[in-house]
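As structure tokens, the structure follows; a few thoughts come after it.
The values are calculated or read from the model by the stated rules, or taken from the named source; none is laboratory data. What you see is a predicted model, and the numbers here were worked out from it, not measured in a lab. Positions of Cβ are generated from backbone atoms using ideal geometry, with glycine treated the same way; all protein chains shown enter the neighbour counts.
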Amino acid sequence: MIHRLWFRLALTFAVIILVTVVTIYFFVSQRISVEIEDYKTMIAQYRSDQIRSRLYLHYWDKRSWEDVQSVVDDTAHVSGTRIILVGANGTVVGDSKDEFPVGTNYTDSSSDPLEMFLGAEFLGKVYISSDPAAEPYIAPFLRLSASINRSLLLGGSLAIGIALLLTLVLSRRMTSPIGALAKAARRLGHGDLSQRVRLQGEGEVAALAQAFNSMAADLEYAEQLRRNMVADVAHELRTPLSNIRGYLEAIRDGMIEPDAAAIRSLDEEARLLSRLVNELQELSLAEAGELKLVYQAEDVANLVRQAVGPWQPQLIAGEISLSLDVPDNLSPVNIDWQRINQVLHNILENAVAHTPRGGTINVAASAKDKWVEISVSDTGEGIPAEDLPHIFERFYRVDKSRARATGGSGLGLTIAKRLVEAHGGTITVQSKLGEGSRFSFTLPVGK
Ligand code: ADP
């Protein structure tokens, strides 16, 4: 419990409140006792002046201390004190408590008597002592001081109690979302990627919860992608592998001669496999954002010419005419030549594969603000509208059997899209069934 955040918060608050209350108590009671002491001194001064002046009046009147006892009693009663009046000869002339009879010698070295003079004549000394039981002036102040102290103590304890309770409740409320987050994070760490925390509000903890939820969602999505990828790859590898095994078993059982044709078929399947593996590797690099692009300013016309060059034999064989529509004055593009050549290669490969004998392929380029758009249009069979949104997905083929016959892996456009996006560009497709398709992508103009 000592390490729990809510406990530490509550403890800290409690200590702060305690220190505050104790400090206030100390200063207030200190101040009160100083004030009371001042008041006491003032009262004592006033009282002794009063007592002295009454005694003087009597002496003035009688010219002696004769019959002073009644004045002493009276004065002592009114001022709430004990008065012993000692004459000039050192004997008692009046005692408010009648303890010392008139004529007895009296000295009290422990108290400080008031000396009385009339001109140069020494009249005697007055011993005044407070009678606490009959302190008419100070008693209310002492009671007030005690009551203030009591109230301070009571109020302070009450404040500490309430504050402790409040901080306990508040700090528990503040820290319980953190506890929930920690629990969810632990579960996430143990592999339950569906963990989310439900927290509303706008504070830092709510922001933390949101960040946690979006991280968990990303992790779940990445995990889903990974599973799909593994399933897709297993599925794609299975066909060529079972073809190879089929051929080998047939040869072993003597059903097929291990002649040149059989070896060519085996070789084709093996080529398909290795192409698939290469493309997968490239795709996984592109998807992880780990492609190291070597940017250089490239001339667009030159780029297009070099990309279409290798397709000439197929174009001639398929009687497909190719037209280039690339203006000479285009600004150079800032690209990794090899990667964009690969994009063009993939798109052209599709165009060539899907354009029938006598068809046309047009490669065009045009400037668009800070971009250059390159497009490849063909007069091929086109792509059905329902397939268009999926055409850039991994392993997606419109016609599975035909694609396999043409050796397509269903990865060409996915890789092309990733490579174009790695350059900051976008790739789009327009197609009409029976009329043809147009693939276009943008590349950044060099600075
Ligand atoms: P593949 O390696 O199978 O060609 P792609 O990702 O390059 O894979 O293409 C996905 C699918 O898109 C292809 O199987 C094909 O059906 C369709 N496709 C791509 N380009 C064209 C095109 N120019 N004309 C018609 N269909 C196309």
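Tabulated values for the structure
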item: Test for A207: is it at pLDDT 90 or above and either outside any loop (DSSP other than H, G, I, E, B) or within 23 Å of the chain's Cα centre (by Cα) (or both); result: no
item: Selection count where residues are surrounded by 11 or more Cβ atoms within 10 Å (Cβ to Cβ) and either in contact (Cβ under 8 Å) with a residue 24 or more places away in the chain or within 20 Å of E279 (Cβ to Cβ) (or both), scope segment 216-230; result: 7
item: Verdict on T442 being touching a residue at least 40 places away in the same chain (Cβ under 8 Å), in contact with an Asp or Glu (Cβ under 7 Å, 6 or more places away or on another chain) and within 8 Å of the ligand (Cβ to nearest atom); result: no
item: Criterion violated by V72 - all others in (1) closer than 30 Å to F27 by Cα; (2) over 60 Å from the mean Cα position of the chain (by Cα); (3) not acidic (D, E) satisfied; result: (1)
item: Helices (runs of 4 or more DSSP H) fully within segment 236-319 counting 1 or more residues that are in contact with a strand residue (DSSP E or B) (Cβ under 9 Å, 6 or more places away or on another chain); result: 300-308, 312-317
item: Residue in segment 190-203 that is more than 30 Å from R52 (Cα to Cα), in a helix (DSSP H, G or I), under 55 Å from the mean Cα position of the chain (by Cα) and among the small types (G, A, S) present; result: no
item: Contacts under 8 angstrom Cβ, first residue in segment 150-162 being part of a helix (DSSP H, G or I), partner polar (S, T, N, Q), 6 or more apart; result: L152/S29
item: Every residue from segment 314-337 that is without any contact (Cβ under 8 Å) to a residue 24 or more places away in the chain and more than 24 Å from T355 (Cα to Cα); result: N329
item: Flag for T81 being farther than 22 Å from G103 by Cβ, among the polar types (S, T, N, Q) and touching a Ser or Thr at 6+ places or on another chain (Cβ under 8 Å); result: yes
item: Strands (runs of 3 or more DSSP E) fully within segment 37-133 counting 1 or more residues that are small (G, A, S); result: 81-87, 92-95, 121-130
item: Any hit, segment 22-33, residues being hydrophobic (A, V, I, L, M, F, W, C), farther than 30 Å from G179 by Cβ, at pLDDT below 90 and over 60 Å from the mean Cα position of the chain (by Cα); result: no
item: Of the criteria (1) within 12 Å of the ligand (Cβ to nearest atom); (2) farther than 30 Å from E236 by Cβ, which one A351 fails; result: (2)
item: Within segment 54-72, tally of residues that are in contact with a strand residue (DSSP E or B) (Cβ under 8 Å, 6 or more places away or on another chain) and free of Cβ contacts under 8 Å to residues at least 40 places away in the same chain; result: 4
item: Every pair of residues 6+ apart whose Cβ atoms lie under 7 Å, when the first sits in segment 376-387 and is aliphatic (A, V, I, L, M) while the second is near the ligand (Cβ under 9 Å from one of its atoms) and in a loop (DSSP other than H, G, I, E, B); result: I383/I391; I383/V398
